[in-house]
1. Just check region 39-146 against the gyration tensor rule for me: Cα atoms, a ≥ b ≥ c as the square roots of the eigenvalues, rounded for a/c under 1.5, and otherwise prolate or oblate depending on whether a/b exceeds b/c.
2. R0 = 41 Å: FRET efficiency of PHE157 with THR22, Cβ-based, nearest 0.05?
3. Subtract the Cα-Cα distance of GLN89 and SER132 from 0.36 nm times their separation in residues, and report this length gain in nm to one decimal.
4. Using a 1.4 Å probe over the heavy atoms of the protein chains, calculate the carbon and sulfur portion of the accessible area of the chain as a whole percent.
5. Quick one: give the max-minus-min coordinate of the C-alpha atoms of region 74-128 along each principal axis, largest first, in Å.
6. Please state the relative contact order of region 81-154 as a whole percent: Cα pairs under 8 Å, 6+ residues apart?
7. Sequence gap at least 6, Cα distance under 8 Å: using those rules, report the relative contact order of region 25-140 to the nearest whole percent.
8. Calculate the spin-label point distance for TRP36 paired with MET177, positioning each point 7 Å from the Cα along the beta-carbon direction, and give it in nanometres.
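The values are calculated or read from the model by the stated rules, or taken from the named source; none is laboratory data. Remember, it's a predicted structure, so these values are computed and weren't measured experimentally. All Cβ positions, even for glycine, are placed from backbone atoms using ideal geometry, and neighbour counts span all protein chains on display. Protein only, heavy atoms only, side chains kept; ligands, DNA and RNA dropped before computing areas. Shrake-Rupley method; radii C 1.70, N 1.55, O 1.52, S 1.80 Å.
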Amino acid sequence: AARRRPRPLLVSAEAGAAPFGTGSLELLCFGQSWHWVEQEPGAREAARVLRPGGCWAAWWNHPWADGEPWFEQHCALTAARCAGWSRDQRDTDWCADAIRENREFLAPERHDIEWERRVSVDDWLTDLRSHSHVIALDPAERAGLIGDVGDVLRDRFGQTMTVPYETRVWLARRRGMAPSTED
């Protein structure tokens, strides 16, 4: 963004009260964050700020190495120590009913994209530390989990991992005609 615009516009706001004009956006994105939004007000506000034909998009990236011993160990360690965590959460319909039921949007579409992530073990562990289910742990429990997962990963990969991922993307168009490209 900085290369395209020397002083990019950065906005920090609640999703239910965005400081944008009505119909002023063509695209509104939520990268791994829509689940933090208060759903009904967020959907209403998304519809308000999007132009007719504009697109609401939300996506989540998930490691998808099921069946690989290191991943099974990683998931078992996480599930045993983080109350309420399950890899089945990857199957949540994060699009949520709020967008689906908001009459301002056409029916949402889901797209699944498979890819591979090449990442250092240290960066994987840094990412793991940022997950809310890990942050919620007592500091000693968190350190123990990170250490045990790190041992599993270094045993399998050394320093650099290649991990299969799946990105699930939900798109919903705001009803109405998109502005003509000739206007």
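1. Prolate, since a/c reaches 1.5 and a/b exceeds b/c.
2. 0.25
3. Additional length available on full extension: 14.2 nm.
4. 50
5. On the principal axes, region 74-128 reaches 44, 28, 16 Å in Cα extent.
6. 35
7. 26
8. Using points 7 Å along Cα→Cβ, the separation is 3.9 nm.
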